[in-house]
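The values are calculated or read from the model by the stated rules, or taken from the named source; none is laboratory data. Not measured: the values here are computed from a predicted model. Every residue, glycine among them, receives a Cβ derived from its backbone with ideal geometry; neighbour counts consider all protein chains shown. Calculation scope for accessible area: heavy atoms of the full protein, side chains included, ligands and nucleic acids excluded. Shrake-Rupley method; radii C 1.70, N 1.55, O 1.52, S 1.80 Å.
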Amino acid sequence: MNDTLTRLAEVLEQRKAAADDNSYVASLHAKGLNKILEKVGEECTETLLAAKDCHHSDDKSELIYETADLWFHSLVMLSHLGLGPDDVLKELERRFDLSGLAEKASRQHK
């Protein structure tokens, strides 16, 4: 599964340098962080609505589609800020041996 994220991160890095009229990702980078954040927020809302609809339906395809969009745009955001999926995966791995309550409490002291 990490291979897919790694491959996507590599493509996103390549597209940062592409002409913004030839690449959607390059056009997002050219418009700047606020535009990228706007897209992440939009995709987050669409994912939440799809989850709500999914709760009342057996069709999960829209939720999967919107979650993929959210992940994609989140990876564009991370890329714009010089980060990638490995940074997030390392943080998730760090949390494996922590209880959720202990992890949350540790954030309140920062």
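The table below gives the values:
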item: The stretch 3-109 - charge dipole about Cα centre, Lys and Arg +1 at Cβ, Asp and Glu -1, debye rounded to 20; result: 440
item: Heavy-atom accessible surface of the chain: percent carbon and sulfur, 1.4 Å; result: 56
item: For the chain: relative contact order, % (alpha-carbon pairs under 8 angstrom, 6 or more apart); result: 25
item: Accessible surface, per residue, of the chain when the full set of protein chains is kept, probe 1.4 Å, Å²; result: 73
item: Residues residue 68 and residue 17, FRET efficiency given R0 of 30 Å [Cβ-Cβ distance, rounded to 0.05]; result: 0.80
item: Residue among 89, 28, 37 with the largest mean-square fluctuation in a Gaussian network model of the chain, springs linking Cα atoms under 10 Å; result: 89
item: Of the DSSP H helices in the chain, those whose Cα atoms cover at least 27 Å axially and whose Kyte score averages -1.0 or more; result: 33-55, 61-80
item: Cut-off 13 Å between beta-carbons: net charge of the residues surrounding residue 2, Lys and Arg +1, Asp and Glu -1; result: -3
item: Surrounding net charge for residue 42, when Lys and Arg each add one and Asp and Glu each subtract one, Cβ distance under 12 Å; result: -3
